[in-house]
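*Asks:* Starting off with a structure, shown below.
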Amino acid sequence: MNEIVIKQNLAPNVWLMGIYSPQVAKKSNPGQFVILRVAENGERIPLTIADFDREKGVVYIIFQVVGKTTSLLSQLNIGDRIIDFVGPLGMPYEHNPEDKNYLFVAGGLGIPAIFSKVKMLHSQGKNIDIIIGGRSKENIFFEDELKKYCNNLYISTNDGSYGKKGFVTDILNELLESGKRYDEIFAVGPVPMMKAVVDITKKYQIKTLVSLNPIMVDGTGMCGGCRVKIGNEVKFACVDGPIFDGFEVDFDGLMKRNSYYQDLENISYREHKC
Ligand code: FES
């Protein structure tokens, strides 16, 4: 159980892993996540389920090496086992069956997070446009996989090394200014990116969902670590989310909370590398 059966390097420091976990695969749905632990005394980290294969019992995760735990995870190989692999957690992605036209906006590690949702909507005959973006060409991945399931795929890179130079929001602005309309927009990626997407879509009053990535500990609604302000209410992203109405999210509060432990994380990562 929890054996790594696939390991693939997608981009510098970005890895795809297939984990054999039939119980998690059987119950997984788009939008959900897992929490895993790599070392006996290690921290627990949440990772979006990028895809799942119920028949093979495999759950696919994609992660970037940004700290000690993801570094340890990246050092595991096919045949190794992950100590704890808990899921699926969170509420699945739900959509209005009447809606026909969808736009996905994904930045950085948000790119694989849209994959299973796009595949599901494609299987239902929906019209799907996708905008993906990253710092430069090497940060763009999953392009070919996503192309199979959408009508149009737009790409931006901050340095202009691939696709349009600029940000995903530049393309979003262009599409909406040219008269393109969607029943629903789904954004996932860095918090400032999701905030910028919502600032634009609010002007057009297009329903916008975002997938949040706050600090999580238990993933079961017990610790309160993942609390986010949605409208006038406090919600727990692990059990009430991670997908919320973007117009209601307190992004500034989320950014502040996400930075609380940054110094400790940096120290831990530095010591691990020494
Ligand atoms: Fe503890 Fe959500 S991670 S309440």
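The numbers here are math on the coordinates, done by the rules we state, and not lab data. Small disclaimer: the values here were computed from a predicted structure and weren't measured. Neighbour counts run over all protein chains shown; Cβ positions are idealised from the backbone, glycine included.
*Asks:* Order these by the 10 Å Cβ neighbour count, fewest first: 256, 68, 26. Spell out each step's value before the answer.
*Replies:* On the way: 256 10, 68 22, 26 13.
Neighbour counts put them in this order, fewest first: 256, 26, 68.
*Asks:* Counting Lys and Arg as +1 and Asp and Glu as -1, what is the net charge of the other residues whose Cβ lies under 13 Å from the Cβ of residue 97? Mind showing how you got there, number by number?
*Replies:* On the way: positive: 100, 126; negative: 94, 98, 99, 183, 184.
In short, -3.
*Asks:* With a sphere of radius 14 Å drawn around the Cβ of residue 191, what net charge do the other residues whose Cβ falls strictly inside it have (Lys, Arg +1; Asp, Glu -1)? Numbers along the way, then the final one.
*Replies:* Working: positive: 195, 229, 256, 257; negative: 199, 250, 252.
The answer is +1.
*Asks:* Here's a follow-up. Give me a comma-separated list of calculated 3J(HN,Hα) values for segment 128-138, in order, Karplus coefficients 6.51, -1.76, 1.60 applied at θ = phi - 60°, integers in Hz, x for any Gly or Pro.
*Replies:* Result, rounded to whole Hz: 10, 10, 9, 10, 10, x, x, 5, 8, 3, 5.
*Asks:* Further, regarding this structure: Which one, 234, 58, 168, has the greatest fluctuation when you compute a Gaussian network model over the chain with C-alpha springs under 10 angstrom?
*Replies:* Its mean-square fluctuation being the largest, the pick is 234.
*Asks:* Give me the percent of DSSP beta bridges within the chain that run antiparallel, rounded to the nearest 5. Mind showing how you got there, number by number?
*Replies:* On the way: 36 of 59 bridges.
In the chain, approximately 60 percent of DSSP beta bridges are antiparallel ones.
*Asks:* Fewest to most neighbouring Cβ within 10 Å: what's the order for 238, 223, 150? Don't skip to the answer; put the middle values down first.
*Replies:* On the way: 238 27, 223 14, 150 21.
In order of increasing Cβ crowding within 10 Å: 223, 150, 238.
*Asks:* Please list the non-local residues whose amide H lies under 5 Å from the amide H of residue 84, H modeled 1.01 Å from N, same-chain partners needing a gap of 5 or more.
*Replies:* 37
*Asks:* With a/c under 1.5 counting as rounded, go ahead and sort the chain into rounded, prolate or oblate using the C-alpha gyration tensor (a ≥ b ≥ c being the square roots of the eigenvalues; past the cut-off, prolate if a/b is larger than b/c, else oblate). Could the numbers behind the result be given before it?
*Replies:* Working: a/c = 1.43, a/b = 1.35, b/c = 1.06.
Cα axes put the chain in the rounded bin.
*Asks:* Take the Cα atoms of segment 132-226, find their three principal axes, and give me the spread along each one in whole Å, biggest first.
*Replies:* Ordered largest first, segment 132-226 gives principal extents of 45, 33, 26 Å.
*Asks:* Whole-Hz ³J(HN,Hα) for each residue in segment 69-80, computed from phi via Karplus 6.51 cos²θ - 1.76 cosθ + 1.60 with θ = phi - 60°, x for glycine and proline: what do you get?
*Replies:* Whole-Hz 3J(HN,Hα) from phi for segment 69-80: 5, 5, 5, 4, 4, 5, 7, 6, 10, 3, x, 6.
*Asks:* Straight-line reach from residue 202: which lysines have a Cα under 29 Å away, not including same-chain ones fewer than 8 places off?
*Replies:* 100, 117, 119, 126, 147, 164, 165, 180, 229, 235, 256
*Asks:* What are the equivalent ellipsoid semi-axes of segment 3-89, built from the alpha-carbon gyration tensor (square roots of five times its eigenvalues), in whole angstrom, biggest first?
*Replies:* Working: eigenvalues 69, 38, 30 Å².
Working from the Cα gyration tensor, I get semi-axes of 19, 14, 12 Å.
*Asks:* Can I ask one more? Could you name the aspartates and glutamates whose alpha carbon sits less than 13 Å from that of residue 27, not counting residues in the same chain fewer than 8 places away?
*Replies:* 51, 53, 55
*Asks:* Ordered by residue, what ³J(HN,Hα) values in Hz, to whole numbers, does segment 155-160 give under the Karplus form 6.51 cos²θ - 1.76 cosθ + 1.60, where θ = phi - 60° and Gly and Pro are x?
*Replies:* These are the phi-based 3J(HN,Hα) values: 10, 10, 10, 4, 8, x Hz.
*Asks:* As a test of the formula, what do you get for the chain when each DSSP H run with n ≥ 4 contributes -39,500 (n - 2.57) and the sum is divided by the residue count, at 222 nm and rounded to the nearest 500 deg cm²/dmol? It would help to have the intermediate numbers written out before the result.
*Replies:* Values: 10 runs with 79 residues, N = 274.
Using -39500 (n - 2.57) per qualifying helix, the result is -7500 deg cm²/dmol.
*Asks:* Same structure, new question: Taking amide H positions as placed 1.01 Å from N in the peptide plane, with prolines and chain starts having none, which residues 5 or more places from residue 32, or on another chain, fall under 5 Å of its amide H?
*Replies:* Distant-sequence amide H within range of residue 32: 49, 93.
*Asks:* Taking H as built 1.01 Å from N, whose amide H comes closer than 5 Å to the amide H of residue 166, not counting residues under 5 places away?
*Replies:* Result for residue 166 returns 157, 158, 159, 160.
*Asks:* Ranking 103, 254 by Cβ neighbours within 10 Å, fewest first, what do you get?
*Replies:* Numbers: 103 27, 254 23.
Lowest to highest Cβ neighbour count: 254, 103.
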